[in-house]
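*Asks:* Next up is a structure, given as structure tokens.
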Amino acid sequence: VLSYRVAIMIKLYCFVVAGYIYLGSHRGDDITTTHNGSLWEPKWLRINFIQYVALMDAAAWTCLEFLLIVYVAWQRWPSLGYRSPGVPSLKWLVEHAFNLCFSAFGGLLVYSESSFKQKPWECAQSDAGI
């Protein structure tokens, strides 16, 4: 999984884009696909979806970077100080530690600035999809 983390995340981003488009498609029931605004002017569920995805993205990258650092440090610990081919250097460790901190900071920033919207009144009376 650690070797394919970028490919996995790109695939997940494609699913997220498909889900975002579906939320405004008016193809489902009124609760999930109506009153969510247009593609470029999101409302209600689309706004919440963007914020949840941003939080999950930050959490996923933070976890992946943490696992990568721990795994490589555990696997290569005896040879971290040597200059042999294939052994991660201090530069590699600093880069991934920066990525870890940046992802965690981004998640905290999104969480602190999040503004989740309540279901609009137009949807409140249409729980049955009528």
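The values are calculated or read from the model by the stated rules, or taken from the named source; none is laboratory data. Everything numeric in this text was worked out from a predicted model, so none of it was measured. Don't worry about glycine lacking a Cβ; one is built from the backbone with ideal geometry, like all the others, and counts go over all protein chains shown. When the accessible area is computed, the model is the full protein with side chains, heavy atoms only, and any ligands, DNA or RNA have been set aside. Shrake-Rupley method; radii C 1.70, N 1.55, O 1.52, S 1.80 Å.
*Asks:* Of everything in region 1-25, what is of a type in the set (Lys, Arg) and modelled with pLDDT under 90? Give them in sequence order.
*Replies:* Arg5
Residue by residue, here is whether (1) more than 18 Å from the chain's Cα centre (by Cα); (2) on the phi > 0 side of the Ramachandran plot; (3) of a type in the set (Lys, Arg) holds:
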position	(1), (2), (3)
Val16	no, no, no
His35	yes, yes, no
Glu41	yes, no, no
Met56	no, no, no
Leu64	no, no, no
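*Asks:* Here are the criteria: (1) open to solvent by 40 Å² or more (accessible area, probe 1.4 Å); (2) modelled with pLDDT under 80. Tell me which single one Gly28 does not satisfy.
*Replies:* Only one criterion is unmet by Gly28, namely (1).
*Asks:* Could you grab me the full set of residues in region 42-60 that are of a type in the set (D, E, K, R) and modelled with pLDDT of 85 or more?
*Replies:* Arg46, Asp57
*Asks:* Let me ask another. So in region 40-76, with the set limited to residues that are part of a helix (DSSP H, G or I) and charged (D, E, K, R), which one is farthest from His96 (Cα to Cα)?
*Replies:* Arg46
*Asks:* Now a separate question. Hey, can you tell me all the residues within region 61-84 that are open to solvent by less than 40 Å² (accessible area, probe 1.4 Å) and modelled with pLDDT under 95?
*Replies:* Residues satisfying the conditions are Leu64, Glu65, Leu68, Ile69, Val72, Ala73, Ser79.
*Asks:* I would also like to ask the following. Quick one: what pairs do we get from region 32-61, first residue farther than 15 Å from Leu12 by Cβ, second open to solvent by 40 Å² or more (accessible area, probe 1.4 Å) and acidic (Asp, Glu), C-beta under 8 Å, 6+ apart or different chains?
*Replies:* Within 8 Å, the pairs are Thr34/Glu122; His35/Glu122.
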